[in-house]
Each structure stands twice: as C-alpha cells, then as structure tokens.
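Chemist: This is the structure I have questions about; it appears just below.
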Amino acid sequence: MYLATLRTAASGALRRPVLLSPPQLGSRSYTLNTGSTTLPITTALTNVCNEGTFAKFDETVSLHVLVTLDPRKPNQNIRTKISLPHGTGSKVKILVMTDDDAAREKAAELGAVVPSGTVADAVKAIQDGDQSLLQGVDRLITSPSDMRTLASLGRILGPRGLMPNPKLGSVTPDIPKAVSDALKGEVIVRVNKEGGIYTPIGKVSMGYSSLKANARAVLEAISSNKPSDAKGVKSGAAFWKMASITRTMGGYNCRVETSTVDPSSSKYFRGGVEGDQEKETGEDDAYA
C-alpha cells in the first residue's frame, strides 16, 4: 500500500494521510522500483527491456553510478568522451560555430546546425537575449581560434553543459570529424558535484545485447579514467558507492549490485540467469 498526503484545493491545508492501492502489473500506472533491493546489472538490463510501459515513445535507458569522487577537490574528477558501440539511439543536435567556410560547409552537409553570419554576430545575438539558437542543442563544437570569441558566453553556455572543451573534443581544428563522431553516438562521461555520473546508454527498443555493450563501455571508461589517488581506488569496490538503471518516464528504477558494475571485480556483469550462462560458457565478449 502507498501512503499519500493530500492538500485541499481551497486552503492548502493538509488532510489526513490516505492509503492508496498499489498499481496492478500490466496496468498503465505500473512501475517497477526495487527500492533498497539490489539486482545484478544483467538482471536489471533484462528487466528494463521486458517490463511494460505506458509511454508512447521509445524511452531512453540511463545508467547512474555514485562514486567516491568530489570534483570540487584537486585530482577528484572524471570528464571524458566515448563512442558507444551501438550508439545512443537518439537524434543528436550539433551546433557548429566557426568562421572557417570549409568547415561550415562540411558540418552542414553532415547534419549540424550552422548559423548564418559570423561567430561574433551569433555571440552578440545570444548576449542580447536571443537564445533560440541554443534550444535543443546537445553539443557545441568550435575551433581553437573561434573559441576566443565564444569564451564570453561562459555564463550562458556553462549551465547548459554546452561550453566547448578541448579535452572533450568540442574545441578542435578538425570540426567535420568532431561532428561525425558526435552524430555516431558519442557521449560525455562526467562527475557532478555530488559524485554522480549519469549517462544515457540507449533506447529500450535496442534490446539487451546493445544496452549491455553500451553499459560496459561507460563503466570501463569510468574505471580507466578514475584518479589513482581517489578514495576507494586501491581497495577496488569501495570506489563504487551505488548504481542504478532507469528509464525516461521513471516507471523503471532498479538498484544494481555495485560488484557487478566494477570492472575490477570477479562479479563484473555476473549474476542473474544471463550472467550465469556467460560464466558457464565463457561468452563474455560484449562488443562482439
């Protein structure tokens, strides 16, 4: 049963808590939330593909992990980009801002958004309050020379996660290649201020095998980029505090056993029916 506290529409005063009947399996309001119960990641990914949904679109599946990093401290950060083996399944909107005519033309041919006029014109328009150019943009790519002009938009681009960064390949002399890589399913793996890493790993329709390969690519990128002096790195599993698999609409939220997401653990991607089969047959190549 579920406990709900309601307010009256007129006064806003609290009413007595009421018990709501739990939704029935198969109903439009059905959700799977494992609460504090943890499952192997193989089981979580199997379930996310098989559980019913009332969404009228192909939901995004995301991997959430909480690690022992505090990016506000020196040498306590992870920020990298990786190409998912099977892509994200989503259409990515790339904005290219450069005064290089050849790069502009090629980027537009690849499908990127290239504003008319110079970079300085676009910057001025954004500073004057016209931010329509940034709507729906997933990645902003520019060249090293044009980055000097874009730097003044730090307070606008930063909170949107659009500030170009050389380490992430979004400030590059080879703009067409950066656009091509981004459109193929490149994702940015980064730690937020709470030590959490949130990464989309694909769509429900992609199926178990593709989601599994993408999840492994993300987890192994985190493991290979973790600071050597971070808390829990030497002891292994202590680095991974929590993990979960979710879907867009919130109808699926599964806590995952951290030992099954730790690439250094013998239980990595083990457990559950599928994981046991892998262990018996030795079929452990997620990228095949």
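The values are calculated or read from the model by the stated rules, or taken from the named source; none is laboratory data. These numbers were taken from a predicted model, which means no experiment stands behind them. FYI the Cβ positions are ideal-geometry reconstructions off the backbone, even for glycines, and counts take in every protein chain you see. Side chains included, ligands, DNA and RNA excluded: accessible areas come from the protein's heavy atoms. Shrake-Rupley method; radii C 1.70, N 1.55, O 1.52, S 1.80 Å.
Chemist: Six or more apart or on different chains, Cβ under 7 Å: which pairs go from a residue in region 175-189 that's at negative phi and touching a residue at least 60 places away in the same chain (Cβ under 8 Å) to one that's open to solvent by 30 Å² or more (accessible area, probe 1.4 Å) and part of a helix (DSSP H, G or I)? Could you list them?
Modeler: Cβ pairs passing all conditions: P176/K106; P176/L110; V179/L110; S180/L110; L183/L110.
Chemist: Also, I was wondering about something else. Can you tell me which residue among V233, V218, V187 is modelled with pLDDT under 95 and farther than 30 Å from D99 by Cβ?
Modeler: Of V233, V218, V187, the one residue that is modelled with pLDDT under 95 and farther than 30 Å from D99 by Cβ is V233.
Chemist: Hey, another quick one. Looking only at region 192-205, which residues are within 11 Å of the chain's Cα centre (by Cα) and crowded, with 20+ Cβ neighbours inside 10 Å?
Modeler: Correct list: I197, T199, I201, G202.
Chemist: While we're on this one: Can you work out which of the residues in region 132-144 that are modelled with pLDDT under 95 and polar (S, T, N, Q) is most open to solvent (accessible area, probe 1.4 Å)?
Modeler: Q135
Chemist: Take P176 and tell me if it is touching a helix residue (DSSP H, G or I) at 6+ places or on another chain (Cβ under 8 Å) and of a type outside the set (D, E).
Modeler: Here the answer is yes, as P176 does meet what is asked.
Chemist: Something else about it: Name the residues in region 114-131 that are open to solvent by less than 70 Å² (accessible area, probe 1.4 Å) and either in contact with a helix residue (DSSP H, G or I) (Cβ under 6 Å, 6 or more places away or on another chain) or assigned to a helix (DSSP H, G or I) (or both), would you?
Modeler: If the condition is that a residue be open to solvent by less than 70 Å² (accessible area, probe 1.4 Å) and either in contact with a helix residue (DSSP H, G or I) (Cβ under 6 Å, 6 or more places away or on another chain) or assigned to a helix (DSSP H, G or I) (or both), then V114, P115, V119, A120, A122, V123, A125, I126 are the ones that fit.
Chemist: Inside region 71-113, can you point out the residues that are among the small types (G, A, S), in contact (Cβ under 8 Å) with a residue 24 or more places away in the chain and part of a helix (DSSP H, G or I)?
Modeler: The answer is A103, A107.
Chemist: When I156 is evaluated against the numbered criteria (1) within 20 Å of A122 (Cα to Cα); (2) buried (at least 18 other Cβ atoms within 10 Å of the Cβ), which criterion, by number, is the only one it fails?
Modeler: Condition (2) is where I156 drops out.
Chemist: Quick check on my filter: what residues within region 77-113 are open to solvent by less than 40 Å² (accessible area, probe 1.4 Å) and of a type in the set (S, T, Y)?
Modeler: T80, T88, T98
Chemist: Search region 160-184 for residues being within 15 Å of P85 (Cα to Cα) and open to solvent by 10 Å² or more (accessible area, probe 1.4 Å), and hand back the single one that is modelled with the lowest pLDDT.
Modeler: K184
Chemist: Kindly provide the set of residues from region 60-76 that are open to solvent by 40 Å² or more (accessible area, probe 1.4 Å) and farther than 24 Å from R255 by Cα, ordered by number.
Modeler: R72, K73, P74, N75
Chemist: Still on this model: Which residue, of L150, L211, L162, is in a helix (DSSP H, G or I) and over 30 Å from S265 (Cα atoms)?
Modeler: L150
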